[in-house]
Structure formats: C-alpha cells, structure tokens
1. May I have the pair-distance distribution P(r) for the protein assembly as shown, computed from all Cα-Cα distances with 10 Å bins from 0 and rounded to whole percent?
2. Give the distance, in whole Å, between the Cα centre of segment B:147-161 and the Cα centre of segment A:331-390.
3. For the residue pair A:Ala354 and A:Asp453, what label-to-label distance in nm results when each label sits 7 Å from Cα along the Cα-to-beta-carbon direction?
4. Can you give me the relative contact order of chain A as a percent, contacts being Cα pairs under 8 Å and 6 or more apart?
5. What share of the DSSP beta bridges in the protein assembly as shown is antiparallel, in percent to the nearest 5?
6. With a Förster radius of 35 Å, plug the Cβ-Cβ distance of A:Arg245 and A:Ser195 into 1/(1 + (r/R0)^6) and report the FRET value to the nearest 0.05.
7. Provide, in order from the shortest bin, the percent of all Cα-Cα pairs of segment A:207-372 in each 5 Å bin, continuing until the bin that contains the maximum pair distance.
8. Be a star and scan segment A:19-52 for residues whose amide nitrogen sits under 11 Å from the point 7 Å along the Cα-to-Cβ vector of A:Gln60.
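Read-outs throughout are calculated quantities, based only on the coordinates presented, and are distinct from any laboratory measurement. Note that the structure is predicted; figures quoted are calculated from it, not measured. Note: ideal-geometry Cβ built from the backbone for every residue, glycine included; neighbour counts use all protein chains shown.
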Amino acid sequence: MTSPTTIHERLSPKTESETLTGAEIVVRALRDEGVEFVFGYPGGAVLYIYDALDKQEAVQHVLVRHEQAAVHAADAYSRVTGKVGVALVTSGPGATNAVTGIATAYMDSVPLVVISGQVPVALIGNDAFQEVDTVGITRPCTKHNFLVKDVKDLASTLKTAFYLAATGRPGPVLVDIPKDVTGKQCAYHYPDKISLRSYKPTVKGHPGQVRKAMQMIASAQRPIFYTGGGVILGNASEELRKLVRSLNVPITHTLMGLGAYPASDPQFVGMLGMHGTYEANMAVQHCDVLVALGARFDDRVTGNLAKFAPHAKIVHVDVDPSSISKNVRVDVPIVGDLQQVLTEMNQVLDELDALNDPHAMQAWWAQIAEWRKRDCLHYQQDEQIIKPQFVVQKLFELTGGDAIVTSDVGQHQMWAAQFYGFDKPRRWVNSGGLGTMGFGLPAAMGAQVAEPDATVLCITGDGSIQMNIQELSTCQQYKLPLKVACLNNHYLGMVRQWQEFFYEDRYAMSYVDALPDFVKLAEAYGHIGLRADTPADVEPVIREALRLKDRMVFMDFRVDAKENVYPMVPAGAALSDMILV
Amino acid sequence: MRHIISILLENEAGALSRVAGLFSARGYNIEAMTVAPTHDASISRMTVATRGSEEIMEQVLKQLNKLVEVIRVHDLSEGPHIERELMLIKVHAVGPDREEVKRLSDIFRGRIIDVTDRSYTIELTGPGDKLDAFIHALDPGMVIEVVRSGASAISRGAKAI
Ligand SMILES: Cc1cc2nc3c(=O)[nH]c(=O)nc-3n(C[C@H](O)[C@H](O)[C@H](O)COP(=O)(O)OP(=O)(O)OC[C@H]3O[C@@H](n4cnc5c(N)ncnc54)[C@H](O)[C@@H]3O)c2cc1C
Ligand SMILES: Cc1ncc(C[n+]2csc(CCOP(=O)(O)OP(=O)(O)O)c2C)c(N)n1
Ligand SMILES: [Mg+2]
C-alpha cells in the first residue's frame, strides 16, 4: 500500500510534448501502441475521432456494416495475430450493437480495446440523444472499463486499457469517451509503461508446485494432457509440443485449444467434451493423472461433474486463479503464464531421474488404440446427398490443411472442429464460450485483414450466415477474398438435433423457411456465388473457389438436412456416456 | 457459514458497483455491505457479510481479487477479529414504557440521542447479534423505525490485513 499510483494518476511523462485534441490523442495513442487497423462505424459522438483518423495514414480504419461485426472482426484479428484488436463505435445504439461482440470476446478471453463515443460530459445522466450507460451495460462483459471525463486522463487511460487487455487473463477493455473530451486540447504524453498497485498478474509458476506436478505426471500410469485456449492465447504451443513429445503422452484439446498441438500427430486423440472423440473422452474418464493447461473445465467439456475423470489426480495451470478449482477440485494448482510455466516444466523434466513406466505406457497406448478403432467420426458418403462432414474433409484436403478457418455456431461448427485438422495455433477462430451465431463472417474479415495472403475460410450455416450477412458489402469494399462455405441444411441444425434427441422430433421453429438464393445474394453484393447440389459437385466447387484467389466466393453446399453431430454426450451425462453413430 | 470479508479498493467511481455487480451476477449472497474511504483518501475499505460453503467462499475471494480496482481481499472470519455495527432505533415511549425503554437501553449500553413526548431514538453499537437481541427485547409494537449500518470489522492484533 506504499505505492502512490492509482488508476487515474500515473507515470512519468516523456519530456517533449505536443498539444493535441482529445480525438488526435486517441489516434496518436493507437499509433504509438502499434495499432494498424481499427474496425468501426461512425456516428455523432465519435466524429472528432473520425476526423482525426482521416488526417493520417498510420492507423487504417475498416468500415463495417454493423457494430457487432466491427467487434467480431477486431476479435478475429487479435486471435490470428496475437495483438490487441481495436474497435471504434459511437454512443447509444453503436455501443449496444457492440455488446454481443464484446461479450463474445470476454467469454473467450480475447484482448480487445473497444472505444465508444459518449454524449458530452455535461449531458451524461440526462437521457440525452443517443445516451446509454455504456460503462454500466458493459461492466459484466469486459475485463475492465473506463469513462474518461477529462482529456488529461485520456492518453494514460488508453495505455492502461491496452495493458489490461493484453496481460494476465486477456480480455476486452472498453474506453467510453464523451464527445466534448475528444474536442478539448491537452499536452500529449503516451506513457511507456504502466504499473497498477491493484493489478499484478502472476506470471511465473511456483517452483515447488511445478516440481510436484512433474513428479506426479512422470509417475502416472495413464496420463493425459487436456489443454485449452490458454495455450493459444499464451503462445505456448512450442513449449507444449516439446513437453508432450518428451513424455510420449496422449493429448486432447478443448474446442478453443485446437491447433496448439498438431492434429496430424498420433499423440493427439482429438477434441474432448460434448462432441469430442470417443477416444479422447474415454481416455479422460480412465486416466490417473489429468494435466489441464489453460482450460477452464467448462460444462461442455466435463459433462456430469460428479462423474468427471473419476480416477484422476489433477494438475491445473492457469493464469487466472479463479479458473482453478472453480468446477473441479484440483490436486496441484499452479497459477502462472503457460509459456513460462511450460518452460519451467520442461526444465524440471530434464532433471527427473525416471519417466513414466514404459510397460504401463504401452498398455495405456494399446487401450487408446482400441478406443480409436471405434472410428467415432465415421460417416457414409453416397452418390445422392452431400454429407456436411464430407464438405469439411474436402475443404481440409484442398486447402492443404493450411487455411485460417472461422466458423459460426451450430452443427457446422462442430464438424469444422472435428474434420479440419489444425496443425498450427491461431488458425481456428470460433466463438466457444458465448456461442455467438453471426461471428463467422466478420471474423473471417478480421482474419483476412490480418493475413491478406492467407486462405481464409468461413465455415457457416444457413441460419448463422444470415445474422451478419450485410458484411458481404464490407468484403466488397475492401476486396477481401475470403471464402464462405455454407453447410446449408435448411435447418437450425443444432437446435433440430436437440429436438430430435430430447424433444421427440418436435421441430419447433428450427426449419429455416424462405431461405434466400445465396448464389444470387453473393452476386448482388458483387461477389461470386457457387452451388453444390450433389456430392460430385463438392470438389469442383471448392477448386473453383480456391482458384479465384482475389475474389470473395460464397459456396452454398446443399447438405443432408437430417445429419447429426456424433459423438454426443447429452447435457448432464458422464463423458463416457456418448451417443455414437 | 457466515463470513466477514474486508476489501481494500481504489476509491473511484464505479468500483462499488463492480463489487456489488459481481455478487449479484454470480449469485453470491450479501447479508450486508458497508464502504467508506480509509485514512488514505485514495483507498476505500469495504466490509461484506456473506454466507456460503467453503468452495463458494474460495470463488468469492478469487473473483473479488480479479477485479482490477481491488487492492486486497481478506476473509476476517479466518482469524480473531472484532465486528461492530451501529443501529439507530426509534421506539414508542409513553407512560410506564418510558422508564422501561431507558432501562433496557442502559443494559445494552445504548444512548438515547433524541427524545419527544412519545418516543426515544436510541443509538446502539455492537456485534450484530447484540443489536438483534435488543430488538427482540422490545415489544414488537413499540418499534417505529430501525436503521443499521451493516457490519464493520477489523482483525485483532497489531497488524493490518
Ligand atoms: C455448439 C457448441 C458446442 C460446443 N461443444 C464443445 C465440445 O464438445 N468440447 C469443447 O471442448 N468445447 C465445446 N464448446 C466450447 C465450450 O463452450 C467452451 O468455450 C470451451 O470448452 C472452453 O475452452 P477452454 O476450456 O479451452 O477455455 P477458454 O475459454 O479458451 O479459456 C482459456 C483459459 O486459459 C486461461 N489462460 C488464458 N491465457 C493464459 C496464459 N497465457 N497462461 C495460462 N492460462 C491462460 C484463462 O484464464 C482460461 O481459464 C462448444 C461450444 C459451442 C458453441
Ligand atoms: C445469436 C444466437 N442465437 C441463437 C443461438 C442458438 N443456436 C445455437 S446453434 C443454432 C442453429 C444454427 O443454425 P445454422 O447456422 O444453420 O447451423 P447448423 O446447426 O444448421 O449447422 C441456434 C439457433 C445462438 N447460438 N446464437
Ligand atoms: Mg443450418
């Protein structure tokens, strides 16, 4: 309690300074933060900021067609690059439209800075035109948020926002700026560093705990690694690979962790959880040591908590102490950043005298091979009706497994996760925690802006794509050559599947009637539309789409309307109680 | 079990609603909550009286610590501590009740701080159960109005939390 630094007074200013308007300060701060792209949509309260953006070139602005899309695009930009994504929206409806995007990023721990305009300070609280309590509305779905009432606080608040977004457990931070603050002038100092007495994330793992964990792992007979989004967010894939290979242990990922360990490697047993593979779920249920890294024991992963991994001692590494022992009691908790902790674990590994008993490991791998024989992802492609799984498999093959894949929410999302094998991190971009339909297309835009030369695929459904379809216009304006693959089953398929399994086939409101002609729709926006009606069409359509390198192509695959995602663990069942094909 | 949690947080607009919002969003129970600046004007101290299992309390403490403006969190129930609450209570006091109420107030070490020909207002400090006991000792029909501050608490011994 000795440090005098509070959130609003901080830091040694640089010596030379310039007088700028608040709006110019915003733009300069973004530049000084190394921000190249801002995704946004203008309105009255942010007009000074737009004016300032227009007068410079360092920070480029991408104009979306809906504020939700701005935040999703910034989110995907961040997931692909590892940098903080930035979105800019106006007050009132601009801010409320952004909320779904912010909540999506919050649930998946994505670092964002969202700048929102606000009515002038003197009008706050007066029900002024386009006023909402943005800070109040976003408080529960941001890591932190600020209302900046004095232009003198603007630069340091923005610095703090970037610092908070990117460190510890990452997340979105919102900075609400009243219009008059952007018009006022002030000397500009952008602080180099931030230190807050109330915020000190733990980075290094406790050495005693790390040693204890490694001893537990090395003496296991049936160990498995269960890793999540934290490995990707923490850029710890390389360290993970090293450890998992040295130990020769099986590894499974959550939906958010895909790509951290190569899917093509035999030690990878697939995703776990509700739609995880038979072998992954069985291995978790039978393991004696479970090593959870940057994963938060979500209910989609654990199934019935009381029956989850009943024989396991659990090691859990997470940067956020509140993720540890939240749902499942763990035996060796380690708080720290995964890149750091995995490095420590690799070091301890080198010092251990003995690794896992080879006979036990051989038996464990033999058991896993038995489970694998169940071939739980099997499907049958005939000559009449396109199976959605077949489309994803072909997309995987024809893109060489090297596309950036975004998805929406539903069955297609699960098939994308199951059938597109990710060998690298930051190649799979989806909304796991909030499950936001409408994420896929704007996310693909953000990914394409981040990597203009990459093949960006948006695997979507006929329901989800209509939740942000207006962004086809943004794709045209910025010539974003992304490829949409719509697994068009004429249903809100995931809803239909639940109704088939748990509501006795009563398909209330899950049939998507009056679908537009997606090919013509794509053409209306100036893009190319292709349709596949039969299995024989699938490969030529994908090849044609990929050949059109500089064009946005919408592929409409008419797939089996009644296909289900398997395996499935019904909500509340034990992980081993899977519905299988 | 009942827990008394002390929270030191930045004395800033919004910090209080973050804490209150956390409790309601996560479904944690709040029995009472008090907050005021400390001797350091940049820091507020909040006392929250809550109930929950050991697992829930662990999450409560971790979630509080996670709030960016929270500097320190301590569960005072883990060790010896002193808890005090202030109550102002207005009671009917006419005829023979006047003497009776005054006597009762003396027994509880209360102070009569306002008087009319029909009522007394009494100030009483102590642990919550003492204040409860005082209310129960009165005939329910006599109580006109009660205001309680909620618990403030501090650990025993020479050290700060
Ligand atoms: C239709 C649908 C079906 C789904 N089915 C499944 C399913 O079958 N299987 C499945 O797994 N998921 C499924 N999900 C996703 C699920 O809802 C959760 O989003 C997901 O399981 C959470 O993944 P995670 O545990 O990896 O946590 P994340 O949300 O990715 O959280 C990351 C964790 O890592 C920590 N962390 C972050 N950075 C670091 C760092 N640098 N160092 C250390 N720790 C760090 C964070 O504090 C956090 O605890 C489904 C979602 C939908 C929409
Ligand atoms: C914004 C939003 N509203 C509702 C839901 C609930 N929901 C989850 S999956 C789904 C169906 C998605 O349909 P579609 O995009 O066609 O995908 P499919 O399951 O058919 O592959 C719905 C409605 C959601 N996840 N997000
Ligand atoms: Mg569908």
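1. Result, from short to long distances: 3, 13, 20, 22, 19, 12, 6, 3, 1, 0, 0 percent.
2. 51 Å
3. Modelled inter-label distance: 5.2 nm.
4. 14 percent
5. 45 percent
6. Numbers: r = 38 Å, r/R0 = 1.09.
Rounded to the nearest 0.05, the efficiency is 0.35.
7. P(r) for segment A:207-372, in whole percents per bin: 2, 10, 20, 25, 23, 15, 5, 1.
8. Hits in segment A:19-52 for A:Gln60 at 11 Å: A:36-38.
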